Each structure stands twice: as C-alpha cells, then as structure tokens.
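Asks: Questions regarding the structure given below will be posed in turn.
The values are calculated or read from the model by the stated rules, or taken from the named source; none is laboratory data. Since this is a predicted model, take the numbers as computed values, not measurements. Here Cβ is always computed from backbone atoms with ideal geometry, including for glycine, and neighbour counts include all displayed protein chains.
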C-alpha cells in the first residue's frame, strides 16, 4: 500500500475513533451506574422472571417490526425508482412522510381512532358495534412502529437502486432469465448491503423507542427502564439498559454476517436505467402505494387535524410561535450537518479499508442508536456536569447528544453509496496526480451525493421529532415543536398539541420533497439499454457533467 494511502487510512481511523468514543460515552455511564449498586443488586435484577419476559417482548417486537418494514419498504422503493408508476415524485414524498410523525403522537392518533372506544367505534355504533378489539399490547405496538418505520428501508434501498449499474440485470435477461429470476439472483444480492442497513435502522429504532410502547402499554425495555428511573432505582435501570446494549450488539453481529454475502455490490454505472413498464398494473400499484401512505400518514394527520378543530372550537389558543419553529429548524439543521460530517470517516473506512479495527469502530458507532434517549441524556448530563462544564446546558451538548443517537441514520445510506462508487475511478484520480482530498471532493463526494442527501434528510427528520434528549439537554428556555407537543399531550390537552404537531409534519416533509426532486430517475441515454454508446467528448466538445465520467474513461484504458 502506498505511503499516501496508508496516511489517508490512518487519518480516517483516528477521526473515526474520536466519533466512536463519543458514541460510547453513554455506555461508560451505564457501567458506572450499574456498578454503584453492587454485583448482588445486578444479579437480583437479572434473575427476576419479569426480566426474561421483557427480553422476550422486546426481541419479538423488534423482529416483527423489522420484517414488516422490509416487506413494505423494499417493494415501494423499487416501484418509485425502477417503474413507470404514476406520480413517482409525489409518492416518494408521501411514502416517507411517516418519518415526520413522533411515535407517541402516531400512537395516540391510532388509539383515538382504532381504540375500543375510539372514533371508528363511535361511527360504527349505529350499526350495532359496541366495542372494537383492543389496540393495546404487542399487535398495536407492532402496527404503529411498522407503519412509521418502513421509510428507513424505503429511503435506504431507494438510494442504492438509484446508483446501481443496470448492466448485470440486462445481461441476466439477455441470457434467458425471467424477470423474477433476475430479481432473485441479481437484484436482491446486489441490494443486500442496503437492505441490511435499512433493517438495522428499523431494529435499533424499535429497540430504543419509548413513545409508542408506552402509549400502547407494551412492556418493552425502554418502558421498564423509564419506570425504574422514575422509582429512583437508577442502578437497576442501568443494568437493564446494559441488557439493551447487549441486544443491540447481537443485532449488529447478525447484520455484519448477512452483509458479507452481499459485499460485492454493483457499482454505480455511467448511464441511467430505463423504467420498467407496469402496463395494466400501473394504477393498481399506485393504489397500493397510496393505501400505505393513507394508513401511515394521512390517518394520523387527519386525527391531529380533528384535535385542532376541536381545540379551536373550545377556544384553545394555537400556541404556535416563530420561536418554536426557529428552534426546531436550528437544532435539526445543526444536527444534520454535524452527523453527516462525523459519519464520513467511518463510512469511508467501512467501504474502502475493511479490517478488524474498522469493524469495531463501525459497530461502536451504532450503539447509541439502541439506547433510550433518556439514558443517552443522563450519561451526557453526568459527563458535562463533571468533566465538561463549559458545554453543559449549551447547544453544543445537545448536538453531541443528537450525534450519539442518530449517527447510524447517516452511516447506513452513506456507506451504501460509497460502496457503489467504482474504486477504479478513485485510482484514476490518484494516477492523474490528485491527492486524497481532491479525489474525495471530485469523485467520491459527487457520486455519493444520493446517500449523503438521504443521510441528512433522515437525521433532520428524526431530530425534528426527538424528545427526551431535547428536554434534558437543551439550553435554558430552549423549546421546540416536539417538546411543546409532549408537554400538551402529557396533560391530555390534545387540541393544544395539534398546531405544533401539524407544523412538525410540514417541516419534516420539506427535505423529503427535495430528495424526490433531485433523485428522480431520468431515462437512460441514448434512449434505451443496449443502444450505441456515446462517443467520448472531443477537444471541441464539452465534457459530460456527470461526476467521474472522464475519470472512468481514463480508468478503462
């Protein structure tokens, strides 16, 4: 390996180690807290039958939500990228909209609509329906978390599909494979890294979610940990939180093993793909996609709108100010920029410099996403008060909390995009005399742009609705739309919560709309797959502006 390449790898490793150390701060706090109670207290907590029940509940819910999200998200990504389904741009925005809903708001909306004495039951009462089945418990939690989590798979797979070279699929069809055979033997293996990343995001989100399981009265780890903290048994809560970390590590190991078989993902092609014609299935496919959107976003937003109407009718003030909107935008923007920047060293290492150290750093960066927000916040409160009082109760500490919690949201799509950048283009850039920085900014960054945009949008969306860390770490007097919604709903003032909740949905949909406009597939040039290749630009011809086009030609020679 050349000296410059070794130096670049070493610098990336140092930067990634700093990021991983930040992500592990809450785990260090948990170890300290768990040790304060002594070994006997820890064993008492672990040996309780209740602990085994919570483990089974959490593992079962996580597996069910992950499978459900993949079943919904992956086909929808393929429909909006590779087919001529009507309204692809609009569908991309609508299908990602459930990410804008805080889990506790979505859970209450579904409870108030589908609950035993909810709106639907009141509408059916004239027909003799006196009570609907209970939505509380496992099935209610699975339904709510799946319908608001599938966009993680949808957006991650969509970014991978956009940059995938279609030549292998075309070769498969030319050799006589059917569409189904090509999908199973070519497309699925190539998408395995993106599928694994999306599934990992869903699994860790489910492990760390507090709002939905609490509202739906399902005893997962997060709810039990929160109750123990409320009972001032912080040592016992830390022991349970360490079990949650162990579950997250199990999920990480499973994801790493499943990824190895799909490590040789197809690289980004120099041309774009043609869209598959759905024929008579265009409108049925559109109807199915719109049904998912209706259930996942339109229904809860409609219930929120009903809160707003009822609140206004009852004389409830809207309580939506420019300061709340500005604070939410400020926090989300700062977090998106910080997390994307911090994810680059780990994403580059994982995609280009695989080693045992790289795998350890990558795995460590995912841990914070599996921890309840209250645990991350308490860990950083302890660290800030004792070790870094300068940043305690400042915006810097709040952004660090967001980085610890949401780094995996950026790491997954960014790594998948970097893996699809042909390494030969980077080598060609180095051959032409460009250094590591110039190669990164001129080749890797432009070609990885879909993954970077997806990463920033995911972080922005998630920070907009994040609650526990914002409540505990925000500077004095700093209130966001999410905290306003929580304070109102916790006191059962749902009309008061409606306006900020609707503002959350509107603001969170903006980055998704930008992604849809920038990532929309155009037909391949010169018009169809397999057509005559374009001539390279001559001295008097302007070069194609697609990043890496010229370097790809150099590498091919």
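Asks: I'd like the full set of residues that are surrounded by 21 or more Cβ atoms within 10 Å (Cβ to Cβ) and either over 17 Å from the mean Cα position of the chain (by Cα) or more than 22 Å from residue 152 (Cβ to Cβ) (or both), limited to segment 70-81.
Replies: 79, 80, 81
Asks: Further question: Criterion first (within 22 Å of residue 507 (Cα to Cα), in contact with a helix residue (DSSP H, G or I) (Cβ under 6 Å, 6 or more places away or on another chain), part of a helix (DSSP H, G or I) and at pLDDT below 80) does residue 99 satisfy it?
Replies: yes
Asks: Residues in segment 366-374: is at least one farther than 30 Å from residue 449 by Cα, modelled with pLDDT under 80, assigned to a helix (DSSP H, G or I) and touching a helix residue (DSSP H, G or I) at 6+ places or on another chain (Cβ under 6 Å)?
Replies: Yes.
Asks: Please verify whether residue 440 is closer than 26 Å to residue 349 by Cβ, buried (at least 23 other Cβ atoms within 10 Å of the Cβ) and at pLDDT 75 or above, treating the condition exactly as stated.
Replies: Judged against the criteria, residue 440 is not a match.
Asks: Report, ordered by the first and then the second residue, all pairs with beta carbons closer than 6 Å, sequence separation of six or more or different chains, a first member in segment 446-464 that is surrounded by fewer than 24 Cβ atoms within 10 Å (Cβ to Cβ), and a second member that is part of a loop (DSSP other than H, G, I, E, B) and at pLDDT 80 or above.
Replies: Qualifying pairs under 6 Å: none.
Asks: Here is a further query. Residue check, residue 67 against (1) farther than 16 Å from residue 238 by Cβ; (2) surrounded by fewer than 18 Cβ atoms within 10 Å (Cβ to Cβ); (3) more than 17 Å from the chain's Cα centre (by Cα), all met but one. Which one?
Replies: (3)
Asks: Can I ask one more? Across segment 283-331, what is the total count of residues that are farther than 30 Å from residue 85 by Cβ and either in a helix (DSSP H, G or I) or at pLDDT 90 or above (or both)?
Replies: Number of matching residues: 18.
Asks: Hey, among 155, 114, 145, 124, which residue is modelled with pLDDT of 80 or more, surrounded by 17 or more Cβ atoms within 10 Å (Cβ to Cβ) and farther than 22 Å from residue 67 by Cα?
Replies: Going through 155, 114, 145, 124 in turn, just one is modelled with pLDDT of 80 or more, surrounded by 17 or more Cβ atoms within 10 Å (Cβ to Cβ) and farther than 22 Å from residue 67 by Cα: 114.
Asks: Among the residues of segment 458-475, write down those that are assigned to a helix (DSSP H, G or I) and more than 15 Å from residue 334 (Cβ to Cβ).
Replies: Correct list: 458, 465, 468, 471, 472.
Asks: Only one of these conditions is not met by residue 47: (1) farther than 26 Å from residue 461 by Cα; (2) within 21 Å of the chain's Cα centre (by Cα). Which number is it?
Replies: Failed condition: (2).
Quick grid of which residues meet (1) surrounded by fewer than 23 Cβ atoms within 10 Å (Cβ to Cβ); (2) at pLDDT below 80; (3) touching a helix residue (DSSP H, G or I) at 6+ places or on another chain (Cβ under 8 Å):
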site	(1), (2), (3)
180	yes, yes, no
215	no, no, yes
230	yes, yes, no
242	yes, no, yes
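Asks: I'd like to check something: does segment 54-68 contain any residue that is at pLDDT 85 or above and under 30 Å from residue 348 (Cβ atoms)?
Replies: Looking through segment 54-68, at least one residue is at pLDDT 85 or above and under 30 Å from residue 348 (Cβ atoms).
Asks: Another question about this same structure. Test each condition in (1) modelled with pLDDT under 80; (2) in contact with a helix residue (DSSP H, G or I) (Cβ under 8 Å, 6 or more places away or on another chain) for residue 17 and report the one that comes out false.
Replies: Exception for residue 17: condition (1).
Asks: Further question: Quick one: would you say residue 4 is more than 25 Å from the chain's Cα centre (by Cα), under 16 Å from residue 437 (Cα atoms), in a helix (DSSP H, G or I) and at pLDDT below 85?
Replies: It is true that residue 4 is more than 25 Å from the chain's Cα centre (by Cα), under 16 Å from residue 437 (Cα atoms), in a helix (DSSP H, G or I) and at pLDDT below 85.
Asks: Take residue 23 and decide whether it is touching a helix residue (DSSP H, G or I) at 6+ places or on another chain (Cβ under 9 Å), within 28 Å of residue 465 (Cα to Cα), at pLDDT below 80 and crowded, with 18+ Cβ neighbours inside 10 Å.
Replies: no
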